[in-house]
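Take a look at the structure below.
The values are calculated or read from the model by the stated rules, or taken from the named source; none is laboratory data. The shown structure was predicted, so the numbers you read here are calculated from the model rather than taken from an experiment. Reconstructed Cβ throughout: ideal geometry from the backbone, glycine too, with neighbour counts over all protein chains shown.
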Amino acid sequence: MTTSANHNPTASIASNNHAALAASPRVKLSRRRIRIDHPDPRAGARLLADALGAVDRDALDGLLKQLVKASVIGQEPDEANLAFMISMMKSIGPRDSIEAMLAAQMVCVHVAAMRSAFRLACTDDIAQQESLTRALGRLVRIYPAQIEALSRYRDNGERKITVQNLSVQDGGSAFVGNVTQHASVIVSEPGFAKATMDAGPIQAAKAGEGYRRPIDAEQAATA
């Protein structure tokens, strides 16, 4: 049997709630203290917590402090870098604590990868180039894994696969329709018939579309 599958792990990553993102306040650093830029501090904290997926003020403060430490450039927190990281977290749109922590890790890994790339471009030392190349390679491999982890968590651990081509050999059989597989158990949705082919391929581009049996010359003539 030959199948071709499409995986789209990033389909549900970005948040589409642009109004909520625009309403959430910015974060500024004042004498190494975190300040939420909003006329009403409590309302601003609630808006920012909703945007970052923090369940309460303690979770929000913890996330912001960790992001401040990760934003450091030259041993000092960088407000522009922090604003970028928070903006990226908002665009991911975490919906609970697990997604909030994973989104924070994603933006930190991205920032670390960009720093490694910058240092790699600025050094002529062979040993440093090799070390930075290895570090950059590990970081850029981690990021897609984080994206897939977030996507699978949002899909309750299910991986969506679309079968475009299906071939059945002589004496073989296939279910045509929507099929859900868990471990060694295969469940076919009611209403779909089992198609058994003596020879030739089955073409089922879309679920529920059925199959088309090749027509030989005699059938074509009588038709």
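Side notes on the structure shown:
- Reported count of residues in the range 37-56, each being surrounded by 13 or more Cβ atoms within 10 Å (Cβ to Cβ), on the phi < 0 side of the Ramachandran plot and either in contact with a His (Cβ under 6 Å, 6 or more places away or on another chain) or not aliphatic (A, V, I, L, M) (or both), is 4.
- Boolean, ILE34 is surrounded by fewer than 17 Cβ atoms within 10 Å (Cβ to Cβ) and out of contact with any Gly (no Cβ under 9 Å at 6 or more places or on another chain): yes
Yes/no per residue for (1) modelled with pLDDT under 85; (2) closer than 22 Å to ASP96 by Cβ; (3) over 22 Å from the mean Cα position of the chain (by Cα):
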residue	(1), (2), (3)
THR2	yes, no, yes
PRO9	yes, yes, no
ALA14	yes, yes, no
ASN17	yes, yes, no
ARG31	yes, no, yes
ASP37	no, no, yes
ASP50	no, yes, no
VAL55	no, yes, no
ASP58	no, yes, yes
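- Exactly one residue out of ALA121, ALA113 is touching a residue at least 12 places away in the same chain (Cβ under 8 Å) and of a type in the set (Gly, Ala, Ser), and it is ALA113.
- Of all residues making up the range 103-149, the number that are loosely packed, with under 13 Cβ neighbours inside 10 Å and either aromatic (Phe, Trp, Tyr) or in contact with an Asp or Glu (Cβ under 9 Å, 6 or more places away or on another chain) (or both): 1
- Residues within the range 83-100 that are β-branched (Val, Ile, Thr) and surrounded by fewer than 16 Cβ atoms within 10 Å (Cβ to Cβ), tallied: 1
- Candidates are the residues of the range 109-133 that are of a type in the set (A, V, I, L, M, F, W, C) and in contact with a Ser or Thr (Cβ under 9 Å, 6 or more places away or on another chain); the one that is nearest to LEU48 (Cα to Cα) is VAL111.
- Of all residues in the range 61-89, those that are in the same structural domain as MET114 (by TED's automatic domain parsing) and of a type in the set (Asp, Glu) have Cβ atoms under 8 Å from Cβ atoms of residues that are surrounded by fewer than 21 Cβ atoms within 10 Å (Cβ to Cβ) and not in a helix (DSSP H, G or I), 6 or more apart or on another chain, in ASP61/ILE34; ASP78/VAL72; GLU79/LYS28; GLU79/LEU29.
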